[in-house]
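See below for the structure under consideration.
No value in this document is a laboratory result; all are computed from the given coordinates. All values derive from a computational prediction rather than experimental measurement. Glycine gets a Cβ as well: all are built from the backbone with ideal geometry, and neighbour counts include every protein chain shown.
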Amino acid sequence: MEDQSQQDRPASPEVRARVLGSFDRQGLMAHLGARMARIEPGRVHIVLPSRPEVTQQHGYFHAGATSAIADSAGGYAAFTLFPENTDVLTVEYKINLLAPAVGDHIEAVGTVLRSGRTLTVCQLEVFGVQGDHRKLVANGQQTLIRVNGSTR
């Protein structure tokens, strides 16, 4: 990680508002029922509560839902470090599903490993959470691109 001192402190009110405003425009996150749980410089947590609509045939969280919140968590982690009037887009990501995702909810954590002028690399982790017990169910890596101006 580039600068551990940036983490464990909340993002500024301006960055928080920009991230939440963007997140609220994501139709997929709203459709899934995901919510932003934590915003720090270079780190974002997204929570997805368990419900039948986000599970697969065995009752586990679907890999698509797991991957979607991981992708968004990494994207917004990068976005917290970008200047105003820029956007973020995923260039690529790879995710390993380590265990069936079960619990009251899953929590995706995106953490910036390196933030560059154009490309940013993030670590992705997803945990199954049941009460106080957290289990790593997926991890991956992602590359994002900073886009100047609006992408739409």
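On a 0 to 90° scale, report how tilted helix 63-79 is relative to the longest principal axis of the chain, with both axes built from alpha carbons and the result rounded to the nearest 10.
Between the helix axis and the principal axis of the chain, the angle is about 20 degrees.
Distance from the Cα centre of the stretch 14-35 to that of the stretch 73-132, in angstrom?
Value for the Cα centre distance between the two parts: 14 Å.
Please sort 59-71, 110-122 by packing, taking for each peptide the average over its residues of neighbouring beta carbons within 10 angstrom, highest first.
In descending order of packing, they fall as 59-71, 110-122.
Taking a virtual spin label 7 Å from the Cα of residue 58 along the C-beta vector, which residues in the stretch 94-122 bring their backbone nitrogen under 19 Å of it?
Answer for this model: 95-107.
Quick check for me: using +1 on Lys/Arg Cβ and -1 on Asp/Glu Cβ, what's the dipole size of the stretch 31-152 about its Cα centre, in debye to the nearest 20?
Working: 11 positive and 10 negative charges, 39 e Å.
It works out to roughly 180 debye.
Beyond 18 Å, what share of the Cα-Cα pairs of the stretch 33-98 remains, rounded to the nearest whole percent?
For the stretch 33-98, the share of Cα pairs beyond 18 Å comes to 44 percent.
Short version: what are the Cα gyration tensor semi-axes of the chain, square root of 5 times each eigenvalue, largest first, in whole Å?
They are 25, 16, 14 Å, listed largest first.
Mind pulling the angle between the C-alpha long axis of helix 13-24 and the longest principal axis of the chain? Nearest 10 degrees, somewhere in 0 to 90.
The angle comes out near 50 degrees.
Under 5 Å between amide hydrogens, which residues at least 5 positions from residue 98 or on another chain qualify, with H placed 1.01 Å from N in the peptide plane?
Answer set, sorted by chain and number: 138, 139.
Over the chain, what is the relative contact order in percent, taking alpha-carbon pairs closer than 8 angstrom and at least six residues apart?
Averaging sequence separation for qualifying contacts and normalising by length gives 23 percent for the chain.
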